[in-house]
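Reading through the structure tokens given below for one structure.
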Amino acid sequence: MKTLITATAFTVIAVAAPVLQAQVRVVESQPLGNNQSANSGEAGDASNLQAELFYQFQALQQEVLELRGMVEEQAHEIQRLKQQRMDDYLDLDRRIGELSRSGGGNLGESLPGSRSAGESGESGDRVSETQMYRDAYQLLRDREIEQSIDAFNAYLEAYPQGNFAGNSHYWLGEIYLLNEDLDAAQEWFEKLLRDFPDDRKRADAQYKLGRVYHQQGNDQRAQRLLEEVASGTSDAARLARQYLQDNF
């Protein structure tokens, strides 16, 4: 009887074994060390990416600040140039007004050599010279800029060493400076100083030429010329001192 039960049990186990084996899921194991290494590598990559992004963000922030500073600096420079140009126009108006008032409202009376032919015994050519200059200057007063340039050039072509040659050089330089044509302004102011060293416009031309040099980036030459003007007692000397104080 005991032998029969044992044989039967063995038979049941033998039959059930394949079924149990099929129901059990086999899980392949991996070495513990390899799994930890993979997790550590992923964490390191994430950390490096975060650090790189933070660095790029800081770099962009710095670049934005630098660009903002450049914009503000440029805006300040533009405002300064606008104000300087406005000062030039006001100075030009003042000079024109003083020249007009000094002749009692008659521009011709305030100019050298402007007496009529009957009063001075001058020839008709001399009267024509005066009239040519007066016409050119009147065009400037009327803000007919291009026409005044042509008229001053026509005067200088007819009377290169005339009574108003120095003045004509100065006003041409002034016009080109106001138009921001620095090379042309430099040419006219330098020509005045070279060809008419004793002209009454010399100090004014030196001051304006110093400003031209400064705007061209030639600071050393500009400062030297402006200091020479500032050492004098003319109106240009006062302007030169102020310009030196503001820009050097």
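The values are calculated or read from the model by the stated rules, or taken from the named source; none is laboratory data. If you're wondering where the values come from, they're calculated on a predicted model, not measured in any experiment. Neighbour counts run over all protein chains shown; Cβ positions are idealised from the backbone, glycine included. Just the protein is used for accessible areas: all its heavy atoms, side chains included, with ligands, DNA and RNA removed. Shrake-Rupley method; radii C 1.70, N 1.55, O 1.52, S 1.80 Å.
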field: Residue ID - surrounded by the most Cβ atoms within 10 Å (Cβ to Cβ), chosen from residues in region 202-233 that are of a type in the set (Gly, Ala, Ser) and assigned to a loop (DSSP other than H, G, I, E, B)
entry: GLY232
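For LEU156, state whether it is in contact (Cβ under 8 Å) with a residue 40 or more places away in the chain and surrounded by 18 or more Cβ atoms within 10 Å (Cβ to Cβ).
Here the answer is no, as LEU156 does not meet what is asked.
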- request: Mind counting the residues in region 170-196 that are open to solvent by 70 Å² or more (accessible area, probe 1.4 Å) and either within 17 Å of SER234 (Cβ to Cβ) or acidic (Asp, Glu) (or both)?
  value: 3
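If a residue must be small (Gly, Ala, Ser) and open to solvent by 60 Å² or more (accessible area, probe 1.4 Å), how many such residues does region 234-248 contain?
So the count comes out to 0.
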query: Do we have ASN247 as under 21 Å from ASP135 (Cβ atoms) and at pLDDT below 95 here?
result: no
- prompt: Does ASP199 fit the bill of being assigned to a loop (DSSP other than H, G, I, E, B), open to solvent by less than 70 Å² (accessible area, probe 1.4 Å) and closer than 24 Å to SER148 by Cβ?
  reply: yes
query: Would a scan of region 162-171 turn up a residue that is under 24 Å from the mean Cα position of the chain (by Cα) and either outside any helix (DSSP H, G or I) or of a type outside the set (D, E, K, R) (or both)?
result: no
- request: Determine, yes or no, whether GLU72 is at pLDDT 65 or above and open to solvent by less than 100 Å² (accessible area, probe 1.4 Å).
  value: no
